[in-house]
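*Asks:* The structure follows.
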Amino acid sequence: MKEDSMKSGKKWLAGILSIVMTMAFMPMYAFAGEASSGSADTDAVWTVEDSEGFILGNYNELQDAMESGREYDSTIILNRDASGKGAALALSYGDSPYFNFDFNGNTYTVTDGATYGSESERAAICLQGDEGHVTFKNGTLKIQNCEVGIHIEGACTGDAKITNFNIDASGSSDCANAVIAEQIAINGNSSVKVQPGNNAIQFWSDSTIDTAGTIQGKIVNKDEENYYSLRIYNGLFTEKPKDECIANGYAIKTENDGTFSVIPTEEWAPMIAKIKALQKEVTEAEHAMESDQKEMDDNMKQLETSVGAAEKALNDDIFEEDVDINKAISDAEKSIQESKVQVKNIQALLEQKGTEYSEKGKELYSKCEELIEELNESEYDSGNYNIYELESVAENMQTVFSSDKYEEEEYNQYLIELEKLNTNLNKAEVKLGKAKELSNNVNKELEDTLNAANKELDAAKDSLNKANKELEELNKKVDTLQNSLKETQDKLKKTEEQLKNQNNKPTPSPTVAPVKKPGQVKGLKLKAGKKKVTVTYKKVSGATSYKVTYSTSKKFKKVKTVTVKSGKAVKKTISKLKSKKTYYVKVCAVKKVKGKSYTGKWSAVKKVKVK
């Protein structure tokens, strides 16, 4: 009787707890929209991601990698040393003109160039369109069997920015031009090398060279007269640059080996020393901040793990018969207490680092402002020292850990995530309290049930004693009762056999024809308008309507859905959107049969920036 009462109590509690848990807490991503996100595959040669770090794909061919990133401001990452064919891409309307190549310290050898359209020249990397903006950093591009190395040309503008990057065509007699672009910026420790007599650089307009590396080959202006638009601040050159290319405050020096270097004049040297000192100070502060950001990221992950452990302990059907209720509640309490300590530590660290970097950022920002003012008053060219970039780093430093709210997109993301996790932690704590209360109530009920059972047992014993005293009087009735019992047992056995035979008969099942769901929507395209987006897609056979879901979150945390009520319609315009915002969109087909709707698989996710 005691065991049956406990089972009954647990079943009752499990039902109540299910309702309470549903009302008390919902997981953070319970209703998040579907999003197809890939992952980097370092076994592939190239990995392509968009400006937000969303992996677009992994590829072994450079042409495929560039094709996949043409609709986005993409970064193309070289995962390892490799060789292969070059790539040529002509941008169309709607394509992004921004490409970033990060070789990640690796070398890519182009064994055969690529051509485009009627062009016969073979290029290692060629980008053509109305405009093109390409950056290359952190690695080496070796060029073989190409007339051109890098060729960036736009009808309006085309520029190439090269930072800590080497373009090596010194082993190729075919390569007449290593880099061709309207505007070229060579920075950091970068080198461009061709064989003697060939062009290392061919430019049109405003360009800069400020490198610790070597420019081996000729520097040519396409117009042959606009050399003053090139500014040289640093570098080692195998051929003497034209005087009009040398920045104010700098001079050409002939080295003992016949090469040429560009150095600052004595009058300009103190200012350069001041600039480099500020660069060093900002860089060191930035590296320290990045280290603290990593520590903060690790702390946030630990907090997320602890909160998740508490949620799991409370969501694990803790009142089922085979679960130790007390252990589950104890585990949840432990995780919640750990989470509270972690929250306090993170809050203290945010306060400390917020003050520290806010003050440091303001100090560095002030120094940048003073130096910019001094440079503006100077007659010398400040060069490509990126003082404004240093100023931007200092400005960002003031907000990374600070609790001050500036523009919405600059609001401290750590505080946003901490608020979400803290909310979940509070909900878990409320849920734990209710679970403990319910557990105590059930234990009290089980205790009352046991006491009642003991009283019944005592009463039964009294009745048995009384029955023993009356046994002699009942002996005469025993035979009659036994016969009656046998008859009853026979009837019961017969009834059981009849029920057993009936239960063994198979019950025919109705045959229901399955309904085929509509197929996946293909060919999704997005066209941005002023505060609107036009969505087009290919018709799905059998569809009676379509669902178009969109969100400003690539994980579809908050979504809106509109319905296209005709299965023949393949276009939908979404209006009243926020200007300059990026929206993620997906579509699925719906098939309605006998009043019931069947939904097909979602299309691939596309994103677009509203005008």
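*Asks:* Hey, among Glu304, Glu311, which residue is in a helix (DSSP H, G or I) and in contact with a Pro (Cβ under 8 Å, 6 or more places away or on another chain)?
*Replies:* Numbers: Glu304 fails: in contact with a Pro (Cβ under 8 Å, 6 or more places away or on another chain).
Only one candidate passes the filter, namely Glu311.
*Asks:* Next question, about the same structure. Given the conditions (1) at pLDDT 95 or above; (2) among the charged types (D, E, K, R); (3) not in a loop (DSSP other than H, G, I, E, B), which single one is not true for Glu67?
*Replies:* Single failed check for Glu67: (1).
*Asks:* Criterion first (on the phi < 0 side of the Ramachandran plot, in a strand (DSSP E or B) and at pLDDT below 90) does Val220 satisfy it? Step through it out loud before you land on a result.
*Replies:* Numbers: on the phi < 0 side of the Ramachandran plot: yes; in a strand (DSSP E or B): yes; at pLDDT below 90: no.
No: the conditions fail for Val220.
*Asks:* On to the next question. State all residues of the range 90-99 that are surrounded by 16 or more Cβ atoms within 10 Å (Cβ to Cβ) and aromatic (Phe, Trp, Tyr); if no residue qualifies, say none.
*Replies:* Of everything in the range 90-99, those that are surrounded by 16 or more Cβ atoms within 10 Å (Cβ to Cβ) and aromatic (Phe, Trp, Tyr) turn out to be Tyr98, Phe99.
*Asks:* Quick one: which of Thr115, Thr109 is farther than 16 Å from Gly69 by Cβ, among the β-branched types (Val, Ile, Thr) and at pLDDT 95 or above?
*Replies:* On the way: Thr115 fails: at pLDDT 95 or above.
Of Thr115, Thr109, the one residue that is farther than 16 Å from Gly69 by Cβ, among the β-branched types (Val, Ile, Thr) and at pLDDT 95 or above is Thr109.
*Asks:* Separate question: State whether the residues of the range 198-207 include one that is touching a helix residue (DSSP H, G or I) at 6+ places or on another chain (Cβ under 6 Å) and within 17 Å of Ser229 (Cα to Cα).
*Replies:* Within the range 198-207, the subset touching a helix residue (DSSP H, G or I) at 6+ places or on another chain (Cβ under 6 Å) is 205-206.
Among the residues that remain, those that are also within 17 Å of Ser229 (Cα to Cα) are: 205-206.
Yes, some residue in the range 198-207 is touching a helix residue (DSSP H, G or I) at 6+ places or on another chain (Cβ under 6 Å) and within 17 Å of Ser229 (Cα to Cα).
*Asks:* Can you confirm whether Ala589 is surrounded by fewer than 17 Cβ atoms within 10 Å (Cβ to Cβ) and either under 21 Å from Ala543 (Cα atoms) or of a type in the set (Asp, Glu) (or both)?
*Replies:* Numbers: surrounded by fewer than 17 Cβ atoms within 10 Å (Cβ to Cβ): no; either under 21 Å from Ala543 (Cα atoms) or of a type in the set (Asp, Glu) (or both): yes.
For Ala589, the condition - surrounded by fewer than 17 Cβ atoms within 10 Å (Cβ to Cβ) and either under 21 Å from Ala543 (Cα atoms) or of a type in the set (Asp, Glu) (or both) - is not met.
*Asks:* Still on this structure: Tell me which residues, restricted to the range 167-186, are in contact with a Phe, Trp or Tyr (Cβ under 9 Å, 6 or more places away or on another chain) and assigned to a strand (DSSP E or B). Walk me through it before giving the result.
*Replies:* Filtering the range 167-186 down to residues in contact with a Phe, Trp or Tyr (Cβ under 9 Å, 6 or more places away or on another chain) leaves 167, 179-184, 186.
Answer for the range 167-186, where residues must be in contact with a Phe, Trp or Tyr (Cβ under 9 Å, 6 or more places away or on another chain) and assigned to a strand (DSSP E or B): Ile167, Val179, Ile180, Ala181, Gln183, Ile184, Ile186.
*Asks:* Does the range 543-562 contain any residue that is hydrophobic (A, V, I, L, M, F, W, C), at pLDDT below 90, out of contact with any helix residue (DSSP H, G or I) (no Cβ under 7 Å at 6 or more places or on another chain) and not assigned by the TED database to the domain that holds Ser51? Spell out how you get there, then give the answer.
*Replies:* First, the residues of the range 543-562 that are hydrophobic (A, V, I, L, M, F, W, C): 543, 548, 556, 559, 562.
With at pLDDT below 90 added as a condition, the list becomes none.
Scanning the range 543-562 turns up no residue that is hydrophobic (A, V, I, L, M, F, W, C), at pLDDT below 90, out of contact with any helix residue (DSSP H, G or I) (no Cβ under 7 Å at 6 or more places or on another chain) and not assigned by the TED database to the domain that holds Ser51.
*Asks:* While we're on this one: Tell me, which residue of the range 100-118 that is in contact (Cβ under 8 Å) with a residue 24 or more places away in the chain and in a loop (DSSP other than H, G, I, E, B) is surrounded by the fewest Cβ atoms within 10 Å (Cβ to Cβ)? Steps first, answer last, please.
*Replies:* First, the residues of the range 100-118 that are in contact (Cβ under 8 Å) with a residue 24 or more places away in the chain: 100-117.
Subsequent filtering for residues that are in a loop (DSSP other than H, G, I, E, B) retains 113, 115-117.
Numbers: Gly113: 26, Thr115: 14, Tyr116: 15, Gly117: 8.
Once the filter is applied, the top-ranked residue is Gly117.
*Asks:* If I filter the range 277-293 for residues that are buried (at least 19 other Cβ atoms within 10 Å of the Cβ), at pLDDT below 85 and of a type outside the set (D, E, K, R), do I get at least one hit?
*Replies:* no
*Asks:* Got a sec? Which of Gly258, Gly249 is surrounded by fewer than 14 Cβ atoms within 10 Å (Cβ to Cβ), out of contact with any Lys or Arg (no Cβ under 8 Å at 6 or more places or on another chain) and at positive phi? Outline the logic, then answer.
*Replies:* Values: Gly249 fails: surrounded by fewer than 14 Cβ atoms within 10 Å (Cβ to Cβ).
Answer to the selection: Gly258.
*Asks:* Suppose we filter Ser603, Ser597, Ser575 for residues that are at negative phi, in contact with a Leu (Cβ under 9 Å, 6 or more places away or on another chain) and small (Gly, Ala, Ser); which single one remains?
*Replies:* Working: Ser597 fails: in contact with a Leu (Cβ under 9 Å, 6 or more places away or on another chain); Ser575 fails: in contact with a Leu (Cβ under 9 Å, 6 or more places away or on another chain).
Ser603 is the lone residue from the list that is at negative phi, in contact with a Leu (Cβ under 9 Å, 6 or more places away or on another chain) and small (Gly, Ala, Ser).
*Asks:* Continuing with the same structure: Taking the range 261-276 as the search range and keeping residues that are over 17 Å from Tyr388 (Cα atoms) and buried (at least 18 other Cβ atoms within 10 Å of the Cβ), which one is modelled with the lowest pLDDT?
*Replies:* Step by step, filter the range 261-276, then rank; the result is Trp268.
*Asks:* Please go through the range 48-89 and pick out each residue that is surrounded by fewer than 17 Cβ atoms within 10 Å (Cβ to Cβ) and touching a residue at least 60 places away in the same chain (Cβ under 8 Å).
*Replies:* Listed by number, the list holds a single entry, Glu52.
*Asks:* OK, next. Going through Asp210, Asp206 one at a time, which residue ends up being modelled with pLDDT under 95, surrounded by fewer than 18 Cβ atoms within 10 Å (Cβ to Cβ) and in the same structural domain as Glu147 (by the TED database)? Give the steps one after another, and end with the answer.
*Replies:* Numbers: Asp210 fails: surrounded by fewer than 18 Cβ atoms within 10 Å (Cβ to Cβ).
After ruling out the rest, the residue left standing is Asp206.
The values are calculated or read from the model by the stated rules, or taken from the named source; none is laboratory data. All figures in this text were calculated on a predicted structure; none of them were measured in a lab. With ideal geometry, Cβ positions are generated from the backbone for all residues, glycine too; neighbour counts draw on all protein chains shown.
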